[in-house]
Amino acid sequence: MKKKLTLFTFIDAFGWEIYQRYGFLEGIIQDAHPLQTTFGFSSGADPSILTGRFPDEHTHWSCFNYNPEASPFKAFKYLALLPSSIFDRGRVRHWLSKAMAKVYGYTGYFEMYSVPFAHLPYFDYLEKRDYFVPGGILATDTIFDWCVDKKIPYYCSNWRHSEQEILASNRHEIEKGESRFNYVYLPRLDGIMHQHGTKHPAVKKHIAWLDQQIRSLYELAQGQYDEVALYIISDHGMKDVTGDIDLIPSIKATGLEYGKDYVAMYDSTMARFWFITLNAETIIRKVLEEQDHGTIVEDDELKQMHVYFDDHRFGELMFLMEPGMLITPCYMGLKSIPGMHGYHPGDKDSYAMIAANKPIKAKVESITDIRGIIEYELGI
Ligand SMILES: [Zn+2]
């Protein structure tokens with residue numbers, strides 16, 4: 001029997017537009033397509049790739065959902081009484097997040113970002129488990145569960161490691177020649193583009209480095225296997241930030257009280273609201289409708305995008321910024337940054353991509369189509 005390796009290389013935020021601008025693996029790639037991403041952030045998109053399903057089915061969407069009863073942050077209301085100058089520092093919060101993940105035994109990506117301590121007790125955190133290992137997703141299965149079920153030997157790199165370590169561990173696995181499917185997870189490009197925007201020389205430099213590394217990994221695989229199916233995939237694109245709005249004061253100016261009348265989560269490109277008192281929705285809706293750079297996303301559209309939940313755990317009212325605009329400060333960060341994703345999936349810079357060293361015959365329109373291609377390549 002011919003020995004075949006299916007090599008899927010995931011490059012975070014390597015959107016269709018970025019790929020078109022910089023090119024990649026010329027001479028190797030034979031076919032490439034844009035893929036529509038899911039509405040929201042990586043916390044919804046990455047599970048959509050691995051499950052082949054949309055957020056309304058696998059139930060992973062935003063990191064924070066409204067659930068005061070189950071909140072692991074209940075004790076933070078006491079910390080909120082301490083001077084914010086200490087706890088608003090990114091490094092202190094990162095350290096606290098790590099300590100908390102350890103105490104609770106969370107294996108997923110856990111970060112409390114810049115959510116004010118006084119407001120954390122209203123929320124539960126979604127990614128408690130590492131979904132890159134079998135059994136990690138809340139509902140449905142992932143491609144890794146599927147491989148375990150079908151007894152297909154595979155290797156998925158550890159997302160906590162650096163790209164150098166991830167590439168080295170994949171080389172090691174390929175040299176052993178036992179794996180039939182490698183999932184190479186490369187997250188750095190996302191961070192570089194958040195920090196510098198999409199046109200900075202650091203972006204070009206990193207893409208050139210990735211090109212060289214993946215080329216070399218592919219050559220190694222070709223030496224070890226009779227056949228190598230190489231795919232490059234991403235979860236979403238990246239938009240250069242053009243402006244910011246300071247939304248939080250406009251909501252505060254209504255006189256409504258956080259925690260008494262309403263609860264809000266201010267993501268960088270989105271604001272989500274839950275209402276406690278009857279008139280709060282009407283008042284907040286009016287403030288949002290008066291904003292120049294964003295729109296309310298109504299339930300019908302959320303349903304079309306497969307991110308609607310009957311219990312509104314992720315928000316009773318969603319406000320989305322126009323592409324390029326940020327809510328600053330927000331609960332994800334206090335300062336503006338040059339690159340962001342999480343805008344409408346229909347914006348050209350939101351598109352993810354898939355490219356391969358062979359023609360892609362299957363229908364590929366959405367990141368949820370990726371899983372079917374992996375299964376097809378693994379021959380079942
Ligand atoms: Zn990102």
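The values are calculated or read from the model by the stated rules, or taken from the named source; none is laboratory data. Just so it is clear, the model here is predicted, and its values are computed rather than measured. Neighbour counts run over all protein chains shown; Cβ positions are idealised from the backbone, glycine included. Protein only, heavy atoms only, side chains kept; ligands, DNA and RNA dropped before computing areas. Shrake-Rupley method; radii C 1.70, N 1.55, O 1.52, S 1.80 Å.
Annotations for the structure displayed:
- Computed about its Cα centre, the charge dipole of the chain is approximately 1240 debye, with only Lys, Arg, Asp and Glu carrying charge at their Cβ.
- When Rg and the Kirkwood radius Rh are both evaluated on Cα atoms of the stretch 120-177, their ratio Rg/Rh stands at 1.10.
- LYS205, LYS2, ranked by accessible area, largest first (probe 1.4 Å): LYS205, LYS2
- When shorter helices are ignored and each DSSP H run of at least 4 residues is given -39500 (n - 2.57), the per-residue value for the chain at 222 nm works out to -9500 deg cm²/dmol.
- Surface composition of the chain: carbon and sulfur make up 52 percent of the accessible area, probe 1.4 Å.
- Per residue accessible area in Å² of the stretch 146-200, where ligands, DNA and RNA are left out and the probe is 1.4 Å: 49
- DSSP-loop GluC sites (Glu not before Pro) across the stretch 130-182, with at most 12 other Cβ within 10 angstrom: GLU178
- Heavy-atom accessible area per residue - the stretch 242-336, 1.4 Å, Å²: 46
- Taking θ as phi - 60° and the Karplus parameters 6.51, -1.76 and 1.60, the scalar couplings of the stretch 326-331 work out to 10, 8, 9, x, 9, 7 Hz in sequence order, x denoting glycine and proline.
- In the context of the full protein assembly, SER336 retains an accessible surface of approximately 50 Å², using a probe radius of 1.4 Å and ignoring ligands and nucleic acids.
- Computed about its Cα centre, the charge dipole of the stretch 64-125 is approximately 240 debye, with only Lys, Arg, Asp and Glu carrying charge at their Cβ.
- Lysine pair number, Cα distance threshold 25 Å (strictly under), the stretch 242-336, separation 8 or more or different chains: 5
- Anchor LYS3: lysines whose Cα lies under 28 Å away (excluding residues fewer than 8 positions away in-chain): LYS150, LYS151, LYS176, LYS358, LYS361, LYS363
- Values of log10 I(q)/I(0), in the order q = 0.13, 0.16, 0.22 Å⁻¹, for the stretch 80-144 under a Debye, Cα-only, solvent-free model: -0.44, -0.61, -0.94
- In the frame of its principal axes, the chain has Cα extents of 70, 41, 38 Å, reported largest first.
- Distant-in-sequence amide H partners of LEU326 (H built 1.01 Å from N, under 5 Å): GLY243, ASP244, ILE245
- Residues whose amide H comes within less than 5 Å of that of LYS239, counting only those at least five positions distant or on another chain, are MET340, HIS341 (H built at 1.01 Å from N in the peptide plane).
- Cα shape, the stretch 248-322, gyration tensor, a/c 1.5 rule: oblate
- Computed over the chain, relative contact order equals 32 percent, with contacts defined as Cα pairs under 8 Å that lie 6+ residues apart.
- The trypsin sites (Lys or Arg not before Pro) of the stretch 298-373 meeting both criteria, a DSSP state outside H, G, I, E and B (loop) and at most 11 other C-beta atoms within 10 angstrom of the site's C-beta, are LYS335, LYS361, LYS363.
- Relative contact order (percent, whole number), the stretch 1-112, Cα cutoff 8 Å, 6+ residue spacing: 12
- Vicinal HN-Hα couplings computed from phi for the stretch 71-81 (Karplus, 6.51 cos²θ - 1.76 cosθ + 1.60; Hz; Gly/Pro x): 4, x, 9, 3, 5, 5, 5, 6, 4, 4, 7
- Dipole magnitude for the stretch 242-336: computed about the Cα centre from +1 point charges on Lys and Arg Cβ and -1 point charges on Asp and Glu Cβ, it is near 340 debye.
- Pairs of Cα atoms nearer than 8 Å and 6+ residues apart set the relative contact order; for the stretch 100-166 it is 21 percent.
- Less than 5 angstrom separates the built amide H of SER366 from those of GLN36, all sequence-distant by 5 or more or on a different chain.
- Gyration tensor analysis over the Cα atoms of the stretch 193-313 returns equivalent ellipsoid semi-axes of 45, 20, 11 Å (largest first, whole Å).
- Sequentially through the stretch 59-68, phi angles give Karplus couplings (6.51, -1.76, 1.60; θ = phi - 60°) of 6, 9, 9, 8, 5, 9, 10, 6, 6, x Hz, Gly and Pro residues having no value and appearing as x.
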